[in-house]
Every structure is written in structure tokens, then in C-alpha cells.
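Working notes, beginning with the structure itself.
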Amino acid sequence: MANQRRLIDTIIFVLLLAGSVIMLGPLAWTVSTSLKTQKHVFDVPPQWIPNPSTWLNYKDVWSKAPLLYGFMNSAIVVVCVLTVGLFVAAMAAYAFSKFEFPFKEWIFMALLGTMMIPYSVVMIPQYIGFSELGWVDTLAPLIVPGLFGNIVTIFFFRQFMQGAIPNDLIDAAKIDGCGYFRTFTTVALPIAKPAIAAQAALGFMGIWNDFMGPLIYLHTPERQTIQVLIASMQSNYISTSNYPSLMAASVVALVPVVIVFFMAQRYFIESMAISGIKG
């Protein structure tokens, strides 16, 4: 049995290692290409460690494209949506998990049902509505909807709070004189910190990498987010075949995502573990 178990563990490790190599291959090629000169991009066999290597591609994209505006615009959207949206989602999840009110389950199922509506169905009506409000070519269409919370985030928080926050703890807070909001902020939020951190990291990656929304609503280069700027570089700022500069811009845009992921990865495991504890 021990040998059989060891064999199974070895097979699983090899499969996971192969999957990691497949997933990291494009990233390694992107970083490698960003340090190459144009004539060495399509060398066969490819040079994973460029020789010669150059950092001029990074200087080139910063000098030719308004990447600073892209970073600032993306950061504004991320901060506004995550700061307000996560708090609103946590409040909604707390209500669905700990309160009793008429038609609670029906309302929650209706919210979950909206997840099945494709974005392509609501894309045109949303654009018309935001256009009537004069929000086109501003960051408002990207920020305002996110301030009301995300359905997936609400569902995740609800499941977490149901398992991680005992009802007895809520009752004890009520006995001590805490109102609904104070109980939420002093009892529920501190316990839900791992879930909030995990959803903040996922939300950051989703908002930072969002392409369709900014592409639809933002037209002025100085108002575009980083992903749209990178996509428009081929037509507006650099040659269509200048792959090293494009890869350099992609690496620059990827750095914040990698940093946030590695900072928050332990919260993913912690939130899953705590959610399994029943009160």
C-alpha cells in the first residue's frame, strides 16, 4: 500500500509539474521576447535567455505610449470598485447569511440567476443608458456598476459567513448592545478578512485585466486603461511587427497582477479552510 501510494503521489507530481510548465511557457516567452532585439524574436531554436539582451524595449514603450495614464486610470477603477464594491457585497452577504426576512431565498436565487445572463445581451442597452447619461469616454461606466457589489462575490461571502461566523457570536454581540451595523463591522468583517482579501485579489486581477468594457466606453488615449492602451499600441504608437516592445508593455502591465497574487495567495487557502468550519 505504501509503494502504491508513493507511485500515485509521483504521478500526480509529474502531472502537476507538466501543467505548470505548460502554463508558465507563454509567460517565459513573453519575458524573454521583451529583452530581445527584433531580428532575434523568431530564432529557431528559440533563445530563452536572450543573447544579446536589451532593456531598450521597456524605455521605448514608456516614451512612445502614454502607459502612465493607463496605469492611473486602471488604478482609479480598481481602488473605487474594490473599496466600495467589496464592502457593499459583504453587507449583502451578511444579510443573506444571518438575517431572516420574507422571500430571502427567492431573492438570492434571483440574484444568482442574473449570473446566467451573457454580457453580450446587456451590452447594447447598457451603452445606450450610459450614453444618455453622458458617461461615454469617462471612467464612470467602469466604476459605478461595480460599486453595488458583484454577484459572485456576494455568493462567496455568503457561503463563507454561513460557515465561519457562528450564530451564537452574533447573538452575543446583540446582548452586549451592538446594533446591526456595529455587529457587522466589529464581528463579521474581522472574521471575514481572509475571504475579503481573497476576493480583493481576484477582483483586482479581473478589473485590471478587463478589456471589453474599457474598449467599448473609452476612446481618448489619456482616458484608456492599461489593457486597451497595450492593444492600441500596434496601430497608434509602434510598428505592428515590433513584438519586443509589445511584450515589454505586457510585462509592465503584468507586474502589479503578479505582486498582488503572491501577496494574497495564502488568503485563498485560508478562506477555503475557514469556510468549512461550522458554527
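For region 249-267, enumerate the residues that are at pLDDT 85 or above and open to solvent by 80 Å² or more (accessible area, probe 1.4 Å). Residue satisfying the conditions is I259 alone. Figure legend. Inter-residue proximity from region 45-56: first residues under 26 Å from V21 (Cβ atoms), second residues surrounded by 10 or more Cβ atoms within 10 Å (Cβ to Cβ), beta-carbon distance below 7 Å, spacing 6+ or different chains. Indicated pairs: Q47/H40; W48/A28; W48/S32; P50/S32; P50/L35; P50/K36; P50/H40; S53/L35. Of the listed requirements (1) more than 16 Å from M263 (Cβ to Cβ); (2) buried (at least 19 other Cβ atoms within 10 Å of the Cβ), P190 misses just one: (2). Tell me, please, whether a residue that is modelled with pLDDT of 90 or more, among the aromatic types (F, W, Y) and over 26 Å from the mean Cα position of the chain (by Cα) can be found in region 106-115. Yes, region 106-115 contains a residue that is modelled with pLDDT of 90 or more, among the aromatic types (F, W, Y) and over 26 Å from the mean Cα position of the chain (by Cα). Being more than 30 Å from the chain's Cα centre (by Cα) and closer than 16 Å to A248 by Cβ is true of P50.
Looking only at region 147-168, which residues are crowded, with 16+ Cβ neighbours inside 10 Å and over 26 Å from the mean Cα position of the chain (by Cα)? Selection gives nothing. Quick check, is Y94 in a helix (DSSP H, G or I), open to solvent by less than 40 Å² (accessible area, probe 1.4 Å) and out of contact with any strand residue (DSSP E or B) (no Cβ under 7 Å at 6 or more places or on another chain)? So Y94 fits the description; yes.
The values are calculated or read from the model by the stated rules, or taken from the named source; none is laboratory data. Here the structure is a predicted model, which is why all the values come from computation and not from measurement. Methodologically, a virtual Cβ is constructed for each residue, glycine included, from the backbone with ideal geometry; neighbour enumeration extends over all protein chains shown. Side chains included, ligands, DNA and RNA excluded: accessible areas come from the protein's heavy atoms. Shrake-Rupley method; radii C 1.70, N 1.55, O 1.52, S 1.80 Å.
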